[in-house]
Amino acid sequence: MRDSEITLINHEKPRIMHIDLNSCFATIEQQANPFFRGKPIVVAAYDTPNAFILAPSIEAKRIGIKMGMKVRDAQFLYKGLIVRAPDPPKYRDVHLKFKKIFQDYSPEVIPRSIDEAIIDFRPVENLHPDLIKVAKEIKKRMRDEIGEWISCSVGIGTNMFLAKLGATIQKPDGLTFIDYKNVIDIYKQAQLLDLNGINVRYQARLNIHGIHTPYDFFKASQEMLHKNVFRSIIGARWYEKLRGYEADQREFPTKSIGHQYALHKPTKDPKELSGLLMKLCEKMGRRLRHKGYVAKGIHLALRYRDHAYWHHAQINNQDLYTTVDLYRHAQFILNLQPEKKLVGLMSVSCYQLKKTDDMQLSLFENDREKARHVSDAADTINDKFGEFTIIPGTMMEMDNVILDRIAFGGVRELEGITTSFAG
């Protein structure tokens with residue numbers, strides 16, 4: 001390692017910890033049922049042959065079963081594969097328990113997904129001088145307080161990027177500490193796709209410019225990354241991240257809020273589609289109101305069973321706030337379909353958002369303002385007693401439509417959109 005390379009790296013003591021629950025959904029199922037432990041098990045969107053696998057267990061991964069594979073293909077690899085449908089309340093319970101453990105060490109806990117979180121120890125640096133010791137203690141507490149079958153991989157670095165990399169390169173149950181002394185060696189052993197944020201498209205772009213390894217990436221100049229490779233400020237941020245400086249912790253305004261659902265059984269029945277749309281609008285509306293926004297625009301997208309795609313957007317003169325407002329305009333767009341075909345996926349989102357503080361209210365309460373108060377009251381009840389405790393009449397007899405699902409690969413609710421998966 002050249003001295004010139006070392007001097008460019010952040011020499012601060014690593015104070016960021018990334019914790020990743022190993023094979024989260026499947027491991028939780030194994031914890032709940034000892035019969036499943038040590039056996040290949042998958043959690044799939046449904047327990048049908050065409051369903052997609054959401055989470056394979058550690059044992060399933062070892063025999064080549066991967067996330068996104070169809071159940072029937074995985075069963076071809078291992079005939080005795082155990083298939084479980086998702087159990088979101090169970091996973092949320094574990095998430096809340098491990099988050100509570102993390103908060104015992106620092107007030108700065110940032111959930112990244114249902115199975116990942118970051119702990120920033122900078123506000124409590126003097127209380128925890130040895131983060132390797134803390135990481136081992138957290139691993140033990142998770143087994144003692146959540147379940148003996150629960151394991152996690154931990155990465156410690158000077159920024160969120162290196163902490164995430166550390167949690168990725170040793171799985172399962174790994175612990176990697178990255179600082180200026182060993183980061184170059186780690187880059188020399190890793191692959192580009194090991195880096196969080198580098199997908200196949202970015203890999204191809206880097207390859208075109210002679211960058212084939214993380215070490216090549218590290219050696220590239222800031223000007224080259226900024227002007228040639230990424231042609232945007234993203235290149236400069238990568239230059240900072242690779243050297244251990246924080247470049248990701250920036251707040252971006254929410255631009256849209258939405259929800260989508262892949263139907264287990266495609267349909268073109270207008271009543272079923274309208275009911276589904278109402279339920280999606282209720283989920284979207286609750287997030288809109290929770291974030292303190294109103295919307296002007298509605299966007300509806302449909303993917304048909306024949307893989308054709310149709311979408312339409314519309315800007316409205318009035319502010320949209322209540323579920324009924326959102327649904328009325330989304331239903332209008334749904335009726336504009338040029339051809340009624342079997343719908344396999346429906347997605348609805350609202351955009352052109354502004355804070356409710358910016359709304360112009362009349363001197364005297366009108367019907368729209370009363371409706372907003374009713375929506376707020378319904379949200380309060382649903383928050384307390386569970387989603388869909390109070391529902392619009394259109395959603396009656398729809399308990400089995402839009403099954404409870406958890407988004408993962410990112411806490412997408414924080415960004416305004418969640419996805420439910422179906423096979």
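The values are calculated or read from the model by the stated rules, or taken from the named source; none is laboratory data. All of these numbers come straight from a predicted model, not from anything done at the bench. Every residue, glycine as well, gets a Cβ built from its backbone with ideal geometry; the counts of neighbours run over all protein chains shown. Remember, those area values only see protein heavy atoms, side chains included, never the ligands or the DNA or RNA. Shrake-Rupley method; radii C 1.70, N 1.55, O 1.52, S 1.80 Å.
Would you pick out the residues in segment 283-309 that are within 23 Å of the chain's Cα centre (by Cα) and open to solvent by 10 Å² or more (accessible area, probe 1.4 Å)?
Lys283, Arg286, Arg287, Arg289, His290, Lys291, Gly292, Tyr293, His299, Arg303
What pairs come up if the first residue lies in segment 324-346 and is over 13 Å from Met278 (Cα atoms) and part of a loop (DSSP other than H, G, I, E, B), the second is at pLDDT below 90 and among the basic types (Lys, Arg), and their beta carbons are under 9 Å apart, counting only those six or more places apart or on different chains?
If the second residue must be at pLDDT below 90 and among the basic types (Lys, Arg), the pairs left are Lys341/Arg305; Leu342/Arg305.
List every residue pair whose Cβ atoms sit under 7 Å apart, with the two residues 6 or more apart in sequence or on different chains, where the first one lies in segment 187-207 and is without any contact (Cβ under 8 Å) to a residue 40 or more places away in the chain and the second, anywhere, is acidic (Asp, Glu).
Final answer for the pair search is none.
Table: residues versus (1) more than 26 Å from Thr356 (Cα to Cα); (2) out of contact with any Leu (no Cβ under 8 Å at 6 or more places or on another chain); (3) not acidic (Asp, Glu).
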position: Pro270; (1), (2), (3): yes, yes, yes
position: Leu277; (1), (2), (3): no, no, yes
position: Cys281; (1), (2), (3): no, no, yes
position: Leu288; (1), (2), (3): no, no, yes
position: Tyr293; (1), (2), (3): no, no, yes
position: His299; (1), (2), (3): no, yes, yes
position: Leu302; (1), (2), (3): yes, no, yes
position: Asp306; (1), (2), (3): yes, no, no
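Is one or more of the residues making up segment 52-60 of a type in the set (A, V, I, L, M, F, W, C), in contact with a Leu (Cβ under 6 Å, 6 or more places away or on another chain) and in a strand (DSSP E or B)? Working first, answer last.
In the first step, residues of segment 52-60 are kept if they are of a type in the set (A, V, I, L, M, F, W, C); the result is 52-55, 58, 60.
Restricting the remaining residues to those that are in contact with a Leu (Cβ under 6 Å, 6 or more places away or on another chain) gives none.
Checked segment 52-60: no residue is of a type in the set (A, V, I, L, M, F, W, C), in contact with a Leu (Cβ under 6 Å, 6 or more places away or on another chain) and in a strand (DSSP E or B).
Results for (1) in a loop (DSSP other than H, G, I, E, B); (2) among the acidic types (Asp, Glu); (3) within 30 Å of Trp149 (Cα to Cα), shown as yes or no for each residue.
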| site | (1), (2), (3) |
| --- | --- |
| Asp173 | yes, yes, yes |
| Tyr180 | yes, no, no |
| Asp185 | no, yes, no |
| Leu225 | no, no, no |
| Asn228 | no, no, no |
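Anything in segment 290-323 that is in a helix (DSSP H, G or I) and either free of Cβ contacts under 8 Å to residues at least 60 places away in the same chain or touching a helix residue (DSSP H, G or I) at 6+ places or on another chain (Cβ under 6 Å) (or both)? List them, or say none. It would help to see each step written out before you state the result.
Step one: of segment 290-323, the residues in a helix (DSSP H, G or I) are 290, 323.
Of everything in segment 290-323, just one residue is in a helix (DSSP H, G or I) and either free of Cβ contacts under 8 Å to residues at least 60 places away in the same chain or touching a helix residue (DSSP H, G or I) at 6+ places or on another chain (Cβ under 6 Å) (or both), namely Thr323.
Take Gln31 and decide whether it is free of Cβ contacts under 8 Å to residues at least 40 places away in the same chain and surrounded by 15 or more Cβ atoms within 10 Å (Cβ to Cβ). Break it down stepwise before answering.
Details: free of Cβ contacts under 8 Å to residues at least 40 places away in the same chain: no; surrounded by 15 or more Cβ atoms within 10 Å (Cβ to Cβ): yes.
The answer is no for Gln31.
For segment 213-239, enumerate the residues that are open to solvent by 70 Å² or more (accessible area, probe 1.4 Å) and either under 26 Å from the mean Cα position of the chain (by Cα) or closer than 23 Å to Asn159 by Cα (or both).
Going residue by residue through segment 213-239, those that are open to solvent by 70 Å² or more (accessible area, probe 1.4 Å) are 219, 222-223, 227-228, 231, 233.
The answer is Lys219, Gln222, Glu223, Ile233.
Select from segment 126-139 the residues that are under 13 Å from Ile19 (Cα atoms) and not aliphatic (A, V, I, L, M) and write down the one among them that is least open to solvent (accessible area, probe 1.4 Å). Write out each step before concluding.
Kept after step one, since they are under 13 Å from Ile19 (Cα atoms), are these residues of segment 126-139: 131-132, 134-139.
Those left that are additionally not aliphatic (A, V, I, L, M): 136-137, 139.
Working: Lys136: 124, Glu137: 85, Lys139: 25 Å².
By that ranking, first place goes to Lys139.
Please give the number of the condition Ala117 fails out of (1) free of Cβ contacts under 8 Å to residues at least 60 places away in the same chain; (2) open to solvent by less than 30 Å² (accessible area, probe 1.4 Å); (3) under 18 Å from Asn159 (Cα atoms).
Exception for Ala117: condition (1).
Every residue, every condition in (1) β-branched (Val, Ile, Thr); (2) at pLDDT 95 or above, yes or no:
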position: Arg112; (1), (2): no, no
position: Pro129; (1), (2): no, no
position: Lys136; (1), (2): no, yes
position: Gly157; (1), (2): no, yes
position: Pro172; (1), (2): no, no
position: Thr176; (1), (2): yes, yes
